[in-house]
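Structure, as structure tokens:
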Amino acid sequence: MTQAVVPVKNPVTQRALSLLGQGLQSSAFWLLEHLLPARENFWCFCTWPGQYAHTMDNPRAVFEAVKDDPAIVKIILRKRGQVAASAANEGVNVIVVNVETLRGAYYLAVSRFILTGYGLGGLCSYSAWITSKHKIIQLWHGIPLKRIGKLFPGEKYWDLETPKYTATVCSSARDQAIMAAAFAPLPIENVWLCGLPRNDLFLKDEISLPADYRQQLGDLRRRLDGRRFVLYAPTWRATEDGIYAFSDEERAALDALSKRHNVAFGIRAHANRRIQDAYADSLKAGSIFFANDFPDVNVLLRITDVLVTDYSSIYIDFLLTGRPILHFTYDVEEYVKERGFLYELDEALPSKWFKSFGELLAQLDAALEGRGIDAQRYSGAKMLFHTHADHSGLQVANRIRALAAR
């Protein structure tokens, strides 16, 4: 008689088993890493935490540039809890694998190239064992306005990580110097001045986008239902308490302004459930909605009419569109102390920043009426950050191909 297997429900036991599994996984990877040679035509691409089981942002744009190349094996490293994305069926020699499995450990161990958009700690539980036999291309996730890497003293793990990097990307001469310092000892000639690949995803013709991005665009247009689109995208903060929560009166004013201009006000927050709950009444009206269910912000930027942000580097990408950008910097004094900036804000921001909700309403009203852009200041900010050609994803891919040919 076969005895039924009873699942373990005790959280302490589950945690112990999880740690044991991670330990075994790390040991297996360590052996594979040291026993197996790397294969020059194997490229690993990171995915982001969450349900979306395909890479995004800069790694996705490079993937798009090589997905039909039969000479390259493209491995998408899926995270726990993700299900295979149908979009991964596009291309040839594409493998989608759960990185936290023996198979995932094998593919990571034998891939010469690892393309990531964040620190290696987010890649998998055993990333500390990755050795110098790999060529790690740190594509990052934006042009930094805030201190990152070794330029931010609050994150010491970069001291162990950055010596493993082969190359990173940048978008201007100033950006190149900053990325070299942030990821030292990376030589400045290995900070490739070719622009950010992710910009391809909102600049190229829609017909050239992958199927999943076109589907998301269709979903967004249906949600907008003919209205123009204002996107509010505040940057990351250490705690929920640091994120601005509009009062009932402020939400009503935003709703009224949105209806007057026939716009939808989308909010893309950083893991901010408290604010989402606070917006419940406005969400019913339909003029304010949350856009966190769209995995890649580049989809949203394609049809954003006015961008409202604070210090998020999303605005640097959006400069390429020439459309209005508003900077709602309600906590600028505190944020300078918390994270700090790499540029003087007067130099880097394309419009005068403001701190009050009243100014937000006034500037948003002006932007929606086609007023308020300081053309000289906007152009200066754009020239500061963007001195590169188009097709950045292909440029990065070709540089990686050149590394493989050496």
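Summary of values
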read-out: Loop GluC sites (Glu not before Pro), the range 331-406 (other Cβ atoms within 10 Å of the site Cβ: 14 or fewer; DSSP); value: E344, E369
read-out: Sites matching trypsin sites (Lys or Arg not before Pro) across the range 140-169 that sit in DSSP coil, with at most 12 neighbouring C-beta atoms within 10 Å; value: K156
read-out: Dipole magnitude of the range 305-406, debye to nearest 20 (Cβ charges: Lys/Arg +1, Asp/Glu -1, about Cα centre); value: 660
read-out: Net lengthening on full extension, L102/R214 (0.36 nm per residue, minus Cα-Cα); value: 36.9 nm
read-out: Projected label distance in nm at R399 and S27, using a 7 Å step from Cα toward the beta-carbon; value: 4.1
read-out: For the range 367-406 versus the range 88-135, the gap between their alpha-carbon centres in whole angstrom; value: 28
read-out: Chain lengthening between A177 and Q376 when straightened (0.36 nm per residue, less Cα-Cα); value: 69.2 nm
read-out: Given K74/K133; K135/K204; K74/K135; K146/K382; K67/K204; K146/K337, the pairs whose alpha carbons are separated by over 20 Å; value: K135/K204
read-out: Neighbourhood net charge (15 Å Cβ-Cβ; Lys/Arg +1, Asp/Glu -1) for N98; value: +3
read-out: Average accessible surface area per residue within the chain, 1.4 Å rolling probe, Å²; value: 44
read-out: Total formal charge among the other residues, if their Cβ is under 14 angstrom from that of R39, Lys/Arg +1 and Asp/Glu -1; value: +2
read-out: Placed amide H near L326: partners under 5 Å, 5+ positions off or other chain; value: L307, V308, T309
read-out: Surface share of carbon and sulfur [accessible, 1.4 angstrom probe, percent] for the chain; value: 55
read-out: Computed helical MRE - 222 nm, the chain, DSSP H runs ≥ 4 contributing -39500 (n - 2.57), nearest 500; value: -11500 deg cm²/dmol
read-out: Rg/Rh ratio calculated on Cα atoms of the chain (Kirkwood radius); value: 0.98
read-out: Spin-label model distance (nm) - K156 vs S132, 7 Å beyond Cα toward Cβ; value: 2.4
read-out: Selected from L108, W140, G122, residue furthest toward positive end of dipole (the range 98-156; charges at beta carbon); value: W140
read-out: Within straight-line cross-link reach of K164, aspartates and glutamates at Cα separation under 18 Å, skipping those fewer than 8 residues along the same chain; value: E33, E40, E155, E189
read-out: Dipole in debye (nearest 20) - the chain, about Cα centre, beta carbon charges: Lys, Arg +1; Asp, Glu -1; value: 1060
read-out: Pairwise FRET efficiency - L35 versus D225, Cβ, R0 = 60 Å, nearest 0.05; value: 0.55
read-out: For the range 280-398, alpha-carbon Rg relative to the globular expectation (2.2 N^0.38 Å, N residues); value: 1.18
read-out: Where labels lie 7 Å past Cα in the beta-carbon direction, separation of V92 and K352 in nm; value: 5.8
read-out: Partner aspartates and glutamates for K352 [C-alpha distance under 12 Å; skip if fewer than 8 residues away on the same chain]; value: D310, D374
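The values are calculated or read from the model by the stated rules, or taken from the named source; none is laboratory data. What you see is a predicted model; the values in this text were computed from it and never measured. Reconstructed Cβ throughout: ideal geometry from the backbone, glycine too, with neighbour counts over all protein chains shown. For accessibility, only protein heavy atoms count, side chains too; no ligands or nucleic acids. Shrake-Rupley method; radii C 1.70, N 1.55, O 1.52, S 1.80 Å.
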